[in-house]
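Enquirer: The structure under discussion is supplied below as structure tokens; questions concerning it will follow.
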Amino acid sequence: MSVPDVPFFSGAAVEAAVPPERALEAVRDAFVAYARGEWTMPPKVYVPAYPAGDFRAMPALGGGHSLLKWVTSFPGNPREGLPTVMGLVLVSDASNGVLRAVLDAASVTALRTGAAAVLAAETVGRESAESAAVIGAGVNGRAAARTFLARGRRVALWDVDESRARVVADELGADVAASREEALAADVVVTVTPGREVLLGEGSLRPGQHASLMGADGPGKQEIDVRELARVHVFCDDWEQASHNGDLVHAVDAGVLSRDDVTELGAVLTGDAAGRRSDDEVTVFDSTGLAIQDLAIALAALERADELDLPRVRP
């Protein structure tokens with residue numbers, strides 16, 4: 001019996017196969033499955049090529065499938081007309097190892113980043129929150145804004161490149177924040193930056209605000225001051241990963257946060273941990289990006305494979 005050709009999902013095909021609301025549902029289910037021990041995820045491996053960027057190998061197992069994502073993060077690439085994130089996602093059948101699909105990694109990453117940012121905001125943000133803003137209008141910022149809009153929430157974009165923010169806002173039907181300060185004052189804030197600058201200083205988040213921090217996903221990156229993390233209610237995607245490669249690492253190294261101070265989002269979703277404790281509480285979600293999220297998006301895309309005219313590749 002020969003190994004069959006497998007579908008290849010380009011970036012456009014991934015986006016066509018998995019609308020934002022389906023992505024959010026899939027990522028929520030992945031968090032729950034991981035928290036319950038039904039899905040597994042060995043540690044992410046970083047292959048540094050600093051100061052230019054890094055390569056990442058991300059494996060996961062769940063839903064009868066195994067995944068490996070080989071992806072890059074080179075923040076300076078846009079200056080040369082190249083994407084920051086590039087790579088491939090490979091999905092195999094966990095019963096026999098047969099390759100089932102190959103997907104564009106950047107689009108999978110964007111979908112799960114946008115989904116996780118909004119999922120965290122909806123899970124631990126204030127129920128009465130009205131305004132939302134996304135800081136950073138790159139590929140992942142666009143995905144976060146698109147997910148907010150799909151969930152029926154107006155969102156404003158801000159970017160250091162105002163023209164980029166306007167192009168993305170016009171494409172999606174979003175607003176453009178007049179300034180970074182205006183964006184940071186929203187009830188719900190999503191930061192999707194290269195992580196080279198602290199956006200949220202000590203005392204900057206006001207009572208009742210929520211911030212999903214999506215940009216500091218590797219060594220040396222930081223979007224929030226350590227002292228600000230120490231005074232708010234902190235959630236993360238995965239303690240082991242975030243405490244070594246996210247915003248959390250700076251607070252852990254400084255001795256101001258420990259494991260007992262941080263709640264994993266999956267535990268809130270399963271009901272095993274408390275979420276927001278009051279309307280006035282400030283909540284922060286530190287995201288480093290999990291392979292289980294990539295697997296969830298890939299499996300959602302595979303559900304639509306027969307409906308799309310996809311090219312085939314031979315393993």
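Enquirer: How do the strands (runs of 3 or more DSSP E) wholly within the stretch 1-78 filter down when requiring 1 or more residues that are free of Cβ contacts under 8 Å to residues at least 12 places away in the same chain and among the β-branched types (Val, Ile, Thr): which remain? Full working, then the answer.
Expert: Details: elements: 6-9, 45-49, 53-62, 65-73.
Answer list for the stretch 1-78: 45-49.
Enquirer: Tally the residues that are assigned to a strand (DSSP E or B) and in the same structural domain as Asp217 (by TED's automatic domain parsing), restricting the search to the stretch 91-142. Don't jump to the end; show me each part of the working.
Expert: The first filter runs over the stretch 91-142 and keeps only residues assigned to a strand (DSSP E or B), leaving 91-93, 99-104, 132-135.
Subsequent filtering for residues that are in the same structural domain as Asp217 (by TED's automatic domain parsing) retains 132-135.
Of the residues in that region, 4 qualify.
Enquirer: Same structure, new question: Is it true that Val252 is modelled with pLDDT under 95, farther than 30 Å from Phe9 by Cα and aliphatic (A, V, I, L, M)? Before the answer, list the steps.
Expert: Details: modelled with pLDDT under 95: yes; farther than 30 Å from Phe9 by Cα: yes; aliphatic (A, V, I, L, M): yes.
For Val252, the condition - modelled with pLDDT under 95, farther than 30 Å from Phe9 by Cα and aliphatic (A, V, I, L, M) - is met.
Enquirer: Kindly indicate the residue of the stretch 1-54 that is of a type in the set (Val, Ile, Thr) and surrounded by fewer than 19 Cβ atoms within 10 Å (Cβ to Cβ) and also farthest from Ser73 (Cα to Cα) among those meeting that condition. Give the steps one after another, and end with the answer.
Expert: Step one: of the stretch 1-54, the residues of a type in the set (Val, Ile, Thr) are 3, 6, 14, 18, 27, 32, 40, 45, 47.
Imposing the further condition that a residue be surrounded by fewer than 19 Cβ atoms within 10 Å (Cβ to Cβ) reduces the set to 3, 32, 40, 45, 47.
Numbers: Val3: 32, Val32: 27, Thr40: 24, Val45: 13, Val47: 10 Å.
Result: Val3.
Enquirer: Moving on. Out of the residues in the stretch 143-166 meeting the condition of being touching a strand residue (DSSP E or B) at 6+ places or on another chain (Cβ under 8 Å) and in a helix (DSSP H, G or I), tell me which one is nearest to Thr109 (Cα to Cα).
Expert: So the first thing to find is which residues in the stretch 143-166 are touching a strand residue (DSSP E or B) at 6+ places or on another chain (Cβ under 8 Å), and the list is 144-145, 148, 153-159, 162, 165-166.
Retained after the next criterion (residues that are in a helix (DSSP H, G or I)): 144-145, 148, 162, 165-166.
Values: Ala144: 11, Ala145: 14, Phe148: 17, Glu162: 24, Ala165: 20, Arg166: 23 Å.
Only one residue fits best here, namely Ala144.
Enquirer: Further question: Enumerate the strands (runs of 3 or more DSSP E) found wholly within the stretch 203-315, keeping only those where 2 or more residues are free of Cβ contacts under 8 Å to residues at least 40 places away in the same chain and surrounded by 16 or more Cβ atoms within 10 Å (Cβ to Cβ). Can you show your working first?
Expert: Details: elements: 210-213, 233-236, 262-264, 283-286.
Those strands (runs of 3 or more DSSP E) span 262-264.
The values are calculated or read from the model by the stated rules, or taken from the named source; none is laboratory data. Remember, predicted model here, so these are calculated numbers, not experimental data. Methodologically, a virtual Cβ is constructed for each residue, glycine included, from the backbone with ideal geometry; neighbour enumeration extends over all protein chains shown.
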